[in-house]
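The values are calculated or read from the model by the stated rules, or taken from the named source; none is laboratory data. Computed from a prediction, not measured in an experiment: that's the story for all the values here. Counting neighbours? That spans all protein chains shown, and the Cβs are built from the backbone with ideal geometry, glycine included.
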Amino acid sequence: MFDLDGFKAECSAAVTERAALQAVREVVARAVEDPKAVLKALREPVRSEVQTLHRSTDLTILNVIWGPRMTVMPHNHEMWAVIGIYTGREDNILWRRLPADPNGRIEAAGAKALSERDALPLGHDIIHSVTNPIGRLTGAIHVYGGDFFAVPRKEWDPERLIEQPYDVQKTLQMFEESNRLYARS
């Protein structure tokens, strides 16, 4: 049975360990092993959104609901993260900076498809973009090793792949646009 308070407590304890990223990954992996229990605790997703489940200086836990076929541009977190899928699918393109590029451009360096029950750790310096490739909502628990909302981050223009400051409002608008499209379908 997935217990949200217990999950938060386990993540809070794991974040203090020497190998915090791996310890949190194990907590998230155990949680998403039983996707039905996570769905029961967090409820079946009905719209794309970002729900804050826990926020402190050393730990942020989000319930991220990706809309059908929704894509978010390349971005970084400036902290490690763990993504655990409890319903649907999330495709990640992993990016690397082009050496000596004055515009901070990036190029694709790999990809990772996550399905229900998968948990992926992302290091502090990872740049990734996210796509929900399926025609229904995807639910994912995202755990970050810091205050996700207090740290300035970067995003990359999806057309030219040029670095710029992360725009929270633009990202939230993407979730709302996804909801408008989902309502029409």
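Whether any residue in the stretch 134-143 is in contact with an Asp or Glu (Cβ under 6 Å, 6 or more places away or on another chain) and surrounded by 12 or more Cβ atoms within 10 Å (Cβ to Cβ) is what I want to check. Explain how you work it out, then say what you get.
Taking the stretch 134-143 first, the residues in contact with an Asp or Glu (Cβ under 6 Å, 6 or more places away or on another chain) are 138, 140.
Going one step further and asking which of them are surrounded by 12 or more Cβ atoms within 10 Å (Cβ to Cβ), we end up with 138, 140.
Yes, the conditions are met somewhere in the stretch 134-143.
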Checklist outcome for this item: residue 184 passes all but one of the listed conditions (1) in contact (Cβ under 8 Å) with a residue 60 or more places away in the chain; (2) loosely packed, with under 14 Cβ neighbours inside 10 Å; the exception is number (1)
Item to check | Matching entry among 61, 65 (being in contact (Cβ under 8 Å) with a residue 24 or more places away in the chain and under 14 Å from residue 116 (Cα atoms)) | outcome: 65
Item to check | Complete set of residues in the stretch 154-163 that are of a type outside the set (A, V, I, L, M, F, W, C), part of a loop (DSSP other than H, G, I, E, B) and in contact (Cβ under 8 Å) with a residue 40 or more places away in the chain | outcome: 157, 158, 160
Checklist outcome for this item: Counting only residues that are modelled with pLDDT under 95 and among the small types (Gly, Ala, Ser), the stretch 98-134 contains a total of 2
Checklist entry - Which of the residues spanning the stretch 13-57 are small (Gly, Ala, Ser) and either within 18 Å of residue 114 (Cα to Cα) or touching a strand residue (DSSP E or B) at 6+ places or on another chain (Cβ under 8 Å) (or both)? => result 29, 31, 48
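So if I check each of 158, 121, which one is farther than 22 Å from residue 59 by Cβ and either exposed (fewer than 15 other Cβ atoms within 10 Å of the Cβ) or not hydroxyl-bearing (Ser, Thr, Tyr) (or both)?
None of the others qualify; the one that does is 158.
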Checklist entry - Which of the residues belonging to the stretch 117-153 are under 23 Å from residue 181 (Cβ atoms) and either part of a loop (DSSP other than H, G, I, E, B) or touching a helix residue (DSSP H, G or I) at 6+ places or on another chain (Cβ under 8 Å) (or both)? => result 132, 133, 134, 135, 136, 137, 139
Item to check | Among (1) crowded, with 17+ Cβ neighbours inside 10 Å; (2) within 21 Å of residue 158 (Cβ to Cβ), the one test that residue 50 misses | outcome: (1)
